[in-house]
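**Q** This is the structure I have questions about; it appears just below.
The values are calculated or read from the model by the stated rules, or taken from the named source; none is laboratory data. Note that the structure is a prediction, hence the values are computed from the model and not measured. Glycine also receives a Cβ, built like all others from the backbone with ideal geometry; neighbour counts cover every protein chain displayed. Protein only, heavy atoms only, side chains kept; ligands, DNA and RNA dropped before computing areas. Shrake-Rupley method; radii C 1.70, N 1.55, O 1.52, S 1.80 Å.
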Amino acid sequence: MAVHLNRMPMTTLEEPVRSTVQGGLRNSKHECTLSSQEYVHELRSGIMDEKLLNCLESLRVSLTSNPVSWVNNFGHEGLGLLLDNLDKLLDKKQQENIDKRNQHKLIQCLKAFMNNKYGLQRILGDERSLLLLARAIDPKQTNMMTEIVKILSAICIIGEENM
């Protein structure tokens, strides 16, 4: 016997909510309803510290759970903004704990971004990406360092197969 669940129509409570309080983009229920262009807008706005961390965590989830078409829409501009933010954080002289957490979250976003053919091609097509990943290796941050080495190893294997 088949059971059919009736899904209620989307209510206004499920729509994305822009927050002006600390935390950047916020969504009442479903993070996946945020558009890729809203993330591009937030990253372009120059948010920092906790707001950036919250935005990056939400973006990581969206990059992981949305279809490849969503990643395509986030696209070249989104990748550029992720790399710009990573570059700024790596260039900071005095790195605070939040800066290191944001670096790690950016690495996780890059990993999620490249988890499909389109994202991988974009990463390999941007000459800064591999350089910034290598620069971000920090033995004091073993979890992040391990994640970066895994990404670079996968790129080496995939790159070799494509040649």
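**Q** Residue by residue through segment 138-149, note down the ones that are open to solvent by 60 Å² or more (accessible area, probe 1.4 Å) and touching a residue at least 12 places away in the same chain (Cβ under 8 Å).
**A** Correct list: ASN143, VAL149.
**Q** I would also like to ask the following. Pairs only if they're at least six apart or on different chains, beta carbon under 7 angstrom, first in segment 58-82 and over 20 Å from SER45 (Cβ atoms), second of a type in the set (A, V, I, L, M) and in a helix (DSSP H, G or I); list them, first residue then second.
**A** THR64/ALA112; VAL71/LEU63
**Q** Of all residues in segment 37-50, how many are part of a helix (DSSP H, G or I) and closer than 10 Å to ASN102 by Cβ? Give the derivation first.
**A** At the first step, the residues of segment 37-50 found to be part of a helix (DSSP H, G or I) are 37-44, 49-50.
Imposing the further condition that a residue be closer than 10 Å to ASN102 by Cβ reduces the set to 49-50.
Number satisfying all stated conditions: 2.
**Q** Next question. Looking only at residues in segment 67-83 that are in a helix (DSSP H, G or I) and open to solvent by 60 Å² or more (accessible area, probe 1.4 Å), which one is modelled with the lowest pLDDT? So that I can check it myself, show each step before the final result.
**A** Here is the first cut: in segment 67-83, the residues in a helix (DSSP H, G or I) are 68-83.
Checking which are open to solvent by 60 Å² or more (accessible area, probe 1.4 Å) leaves us with 68-69, 72-73, 76-77.
On the way: VAL68: 95, SER69: 95, ASN72: 95, ASN73: 96, HIS76: 89, GLU77: 96.
If we take residues in segment 67-83 being in a helix (DSSP H, G or I) and open to solvent by 60 Å² or more (accessible area, probe 1.4 Å), then HIS76 is modelled with the lowest pLDDT.
**Q** Exactly one condition in (1) open to solvent by 30 Å² or more (accessible area, probe 1.4 Å); (2) hydrophobic (A, V, I, L, M, F, W, C); (3) over 18 Å from HIS41 (Cα atoms) is false for ILE98; which is it?
**A** Here ILE98 meets the rest and fails (1).
**Q** Also: Is one or more of the residues making up segment 101-116 over 21 Å from ALA154 (Cα atoms), open to solvent by less than 40 Å² (accessible area, probe 1.4 Å) and assigned to a helix (DSSP H, G or I)?
**A** Step one: filter segment 101-116 for residues over 21 Å from ALA154 (Cα atoms), giving 101-102.
From what is left, the residues that are open to solvent by less than 40 Å² (accessible area, probe 1.4 Å) are 102.
Next, only the ones that are assigned to a helix (DSSP H, G or I) stay: 102.
Yes - at least one qualifying residue is present in segment 101-116.
**Q** Taking only pairs six or more apart or across chains, which ones have beta-carbon atoms under 6 Å, a first residue in segment 121-134 that is more than 17 Å from LYS88 (Cα to Cα), and a second residue that is modelled with pLDDT of 90 or more and small (Gly, Ala, Ser)?
**A** Listed pairs, sorted by first residue: ILE123/SER129.
**Q** Got a number for residues in segment 100-115 being of a type in the set (D, E, K, R) and under 10 Å from the mean Cα position of the chain (by Cα)?
**A** The qualifying residues number 2.
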